[in-house]
Amino acid sequence: KMGCKGPTTYNACSTIRWNGGLSFPIQSGHPCIGCSEDGFWDKGGFYNRLSNIHQFGIEANADEVGMGAAGIVGGAVAAHAAVSALKRSQHKGDE
Amino acid sequence: MSITKTPNGFTLDDSGKRVVVDPVTRIEGHMRAEVNINEDNVVTNAVSSGTIWRGLEVILKGRDPRDAWAFVQRICGVCTGTHALTSVRAVEDALGINIPENANCIRNIMQLSLQVHDHMVHFYHLHALDWVNPVNALKADPKATSELQQKVSPHHPHSSPGYFRDVQNRLKKFVESGQLGPFKNGYWSNPAYLLPPEADLMAVTHYLEALDFQKEIMKTRTIFGGKDTHPNWCVGGVPCPINVDDTGAVGGLNMVNLNQVHEILKQTKTFVDNVYIPDILAIGQFYKGWLYGGGLSSQNVLAYGDIPEKANDYTPDNLLMPQGAIINGDLSKVHPIDHRDPEQIQEFVPHSWYKYPDGVKGLHPWDGITDPHFDVSTAKGTSQNIEQLDERAAYSWIKAPRWRGHAMEVGPLARYIVGYAQGHEYWTDQIKRTLSALDLPVNALFSTLGRTAARALEAQWAADMQLHFFDKLMTNIKNGDTNTHSGEMWDPADWPAEAKGVGFTEAPRGALGHWIRIKDTKIANYQCVVPTTWNGSPRDEAGNIGAFEASMMNTKVAVAEEPVEILRNIHSFDPCLACSTHVMSEEGEELANVTTGPIGL
């Protein structure tokens, strides 16, 4: 609800944590802004729900599953579940 | 060749030898300084140029104002947090949002933590090598160094002769290897260095101790903000919840991490009291005759004020860092500041690489325009290799901010002068004790040495104030108040169609302000006027020189080709150039590549 990008961000923050393992953004109460992801600043606002979904797994193989120009969130959960079954179809998003 | 008298009291003579220092190192960002030196090796003309530009204000247009803090925080990782704090204040001002008391305490602790960290790292790791000669430290007697240490700071545990001998041996191996690392290309035979070898060894040792300790100071911001550099902030309060009563409260603030914060704050105070302050006094003793670099400090200083005692009250009486402007050297009159008044703070661009539609008229930040116009057609050299800038034309990416038309100095010294003029008890006491220890009159404050000392004193004050707000926070929590965020105006649906706001802080380097215009829930305009914009400012239409330029004037240089003294003056401002320049064109105009060696003639 707070727009946390943790689920779609590839980084070690939750395991290695910051400044000698002391804390990390989510632990200290703020949603993850996905700052290690390419173009994180243009993923629809830090406090808005996900509008772009990246596949999980090896980044090099990730395809972007854009949900049209308006960035509708609806299929987020379905897309996650369907990732492994999804055929390689590309929806051109804003890029 | 010409002689010009500036309205702010300097006589510029551009004859003599022209010395170019580019890049100026041991600062944040990219800067170039040019001076003219006469036959007596005295600086008679000074030109300060910001050689980079940043785009964050343009990037912000059209975005959600609640996101702005995260972007502007990334203007600079050295003064991390301060831009974010200024930003959330600007948005809260625009939307009429009040934050809870706990959020105010936590924000203050984070900002004060930055003050201490930044001042300490600046002094030891950026400034010290202008005063301290690490090569000379090799001649020191470790036993005499130990005696010096115990004399200047009897409570600091690291003081045995063996300890200093070990550091000296490390230094010896380092220097002998020929790869000098951070000490490379220094002017180590220059007579401008006045410390005896023992003081040099003591200072180099503390350089290493400070380098190690500074990573601890950051942990306060990690606990409150999730990480540091670039902790998290939030419009409406702070993002970290307080959860001291429930079990399983791993996240947020609980007694474990609050105690951790307390430990860090106490250790920080100890380090400043035992290492930083005694070093300033020790080094000050040897340099007390070197009182150049006053520049504008004796005439025009500006402080916005910061550190509100109670939440949501930014009026001067509630600010523990004082607010006010002093002009024309009149300390008996401290003028109030109004950030909304279009006649007070304005930015001019006659000598900056920008274009205003109205030519020379100054613009208040709410009406700020950033339209780049890079033109070095009258400079010597080519646009790819500038040999000498033309100060009669545009020569910097930094705009010229002015307060009621005056060029102002900002920073710890400016704050302390305003505080002194207003009778700030703690600060006046510190100033008196320092002047007495060094046996110097009040006028000595208006110098590079004074600026350097003020920074240390401010770190000492900030370390104490952190503990004050920590106690306040704990008292609140014990009384049952654990609120850290107000969600009252969080939803853009509740916002007015148009709003404008200003947020201000005292960043470590000086007065900082962000001006925002919000239209239809998005950012319509955003302007940052930053401390180094004030200090690094080029000339304005009337010919007033900026603070950096003024501080270089009339300085005597021992060796013209080794401008230690000039660097010492510039560094005393703790320049942060990434912060100071506005941004330009989205197309990416080609910037002149000024990467020559340290000196060009």
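Can you tell me the accessible area per residue over the protein assembly as shown, all protein chains present, probe 1.4 angstrom, in square angstrom? Walk me through the numbers on the way to the answer.
On the way: 27180 Å² over 696 residues.
Here the per-residue accessible area is 39 Å².
Between region B:138-160 and region A:1-38, how many Å separate their Cα centres?
Region B:138-160 and region A:1-38 have Cα centres spaced 44 Å from each other.
So which GluC sites (Glu not before Pro) in region B:1-76 are both in a DSSP loop and have at most 11 other Cβ atoms within 10 Å of their Cβ?
Working: sites: B:28, B:34, B:39, B:57; in loops: B:39.
Sparse-neighbourhood loop GluC sites (Glu not before Pro): B:39.
Aspartates and glutamates near residue A:5 by alpha-carbon distance under 18 Å, same-chain residues fewer than 8 away left out - which ones?
A:37, A:38, A:42, A:59, A:63, A:64, B:64, B:67
By its C-alpha gyration tensor, with a ≥ b ≥ c as the square roots of the eigenvalues, how is region B:325-456 shaped: rounded for a/c under 1.5, else prolate for a/b larger than b/c, else oblate? It would help to have the intermediate numbers written out before the result.
Numbers: a/c = 3.53, a/b = 1.72, b/c = 2.05.
It is oblate, given that a/c is not under 1.5 and a/b is not larger than b/c.
Using a probe of 1.4 angstrom, how much of the accessible area of chain B is carbon and sulfur, in percent? Intermediate results must be reported in sequence, preceding the final value.
Working: 10960 of 21230 Å².
In chain B, the share of accessible area belonging to carbon and sulfur is 52 percent.
Would you mind checking B:361/B:522; B:215/B:269; B:139/B:172; B:151/B:172; A:43/B:219; B:139/B:288 for any pair whose Cα atoms are more than 20 angstrom apart? Intermediate values should be presented prior to the final figure.
Values: B:361/B:522 28 Å; B:215/B:269 15 Å; B:139/B:172 10 Å; B:151/B:172 25 Å; A:43/B:219 29 Å; B:139/B:288 23 Å.
Flagged as over cut-off: B:361/B:522; B:151/B:172; A:43/B:219; B:139/B:288.
Using a/c under 1.5 as the rounded threshold, could you call chain B rounded, prolate or oblate? The axes a ≥ b ≥ c are square roots of the C-alpha gyration tensor eigenvalues, and prolate needs a/b larger than b/c, oblate otherwise.
Oblate, since a/c reaches 1.5 and b/c is not below a/b.
Within region B:193-228, list the residues whose amide N lies under 16 Å from a label point set 7 Å along Cα→Cβ of residue B:244.
Backbone N within reach: B:224.
Evaluate the charge dipole of the protein assembly as shown about its Cα centre and quote only its size in Debye, nearest 20, assuming +1 on the Cβ of each Lys and Arg and -1 on the Cβ of each Asp and Glu.
Computed charge dipole of the protein assembly as shown: roughly 900 debye.
I'd like the GluC sites (Glu not before Pro) in region B:499-562 restricted to DSSP loop residues with at most 15 other Cβ atoms within 10 Å, sorted by number.
Qualifying residues, ordered by number: B:561.
Enumerate by residue number the trypsin sites (Lys or Arg not before Pro) in region B:352-403 meeting two conditions: DSSP loop (anything except H, G, I, E, B), and at most 13 other Cβ atoms within 10 Å of the site's Cβ.
Details: sites: B:355, B:361, B:380, B:392, B:399, B:402; in loops: B:355, B:361, B:392, B:399.
Answer in residue order: B:361, B:392.
Lys and Arg at +1, Asp and Glu at -1: add these up for the other residues within a Cβ distance under 14 Å of residue B:409 and post the number. All intermediate terms of the calculation are to be shown ahead of the outcome.
Numbers: positive: B:402, B:415, B:451, B:455, B:509; negative: B:506, B:549, B:574.
Value of the local net charge: +2.
By a straight-distance test (C-alpha under 20 Å), which aspartates and glutamates pair with residue B:266 as possible cross-link partners, with residues fewer than eight away in the same chain excluded?
Filter leaves B:118, B:209, B:212, B:216, B:228, B:279, B:458, B:464, B:471.
About the Cα centre of chain B, what is the dipole size in debye to 20, counting +1 per Lys and Arg Cβ and -1 per Asp and Glu Cβ, all else neutral?
Working: 52 positive and 71 negative charges, 185 e Å.
Around 880 debye, computed over chain B.
Going by the alpha-carbon gyration tensor, a ≥ b ≥ c the square roots of its eigenvalues, is the protein assembly as shown rounded (a/c under 1.5) or, if a/c is not under 1.5, prolate (a/b greater than b/c) versus oblate?
Values: a/c = 1.56, a/b = 1.29, b/c = 1.21.
Prolate, since a/c reaches 1.5 and a/b exceeds b/c.
Helix-only estimate, please: 222 nm mean residue ellipticity of chain B, summing -39500 (n - 2.57) across DSSP H runs of length 4 or more and dividing by its residues, to the nearest 500. Each step should come with its number before you reach the end.
On the way: 17 runs with 208 residues, N = 601.
The helix-only estimate for chain B comes to -11000 deg cm²/dmol at 222 nm.
The values are calculated or read from the model by the stated rules, or taken from the named source; none is laboratory data. As the structure is a prediction and not an experimental result, all values here were calculated from the model. So basically every Cβ, Gly included, is an ideal-geometry build from the backbone, and we count neighbours across all protein chains shown. Quick note on the areas: whole protein, heavy atoms, side chains included, nothing else; ligands and nucleic acids left out. Shrake-Rupley method; radii C 1.70, N 1.55, O 1.52, S 1.80 Å.
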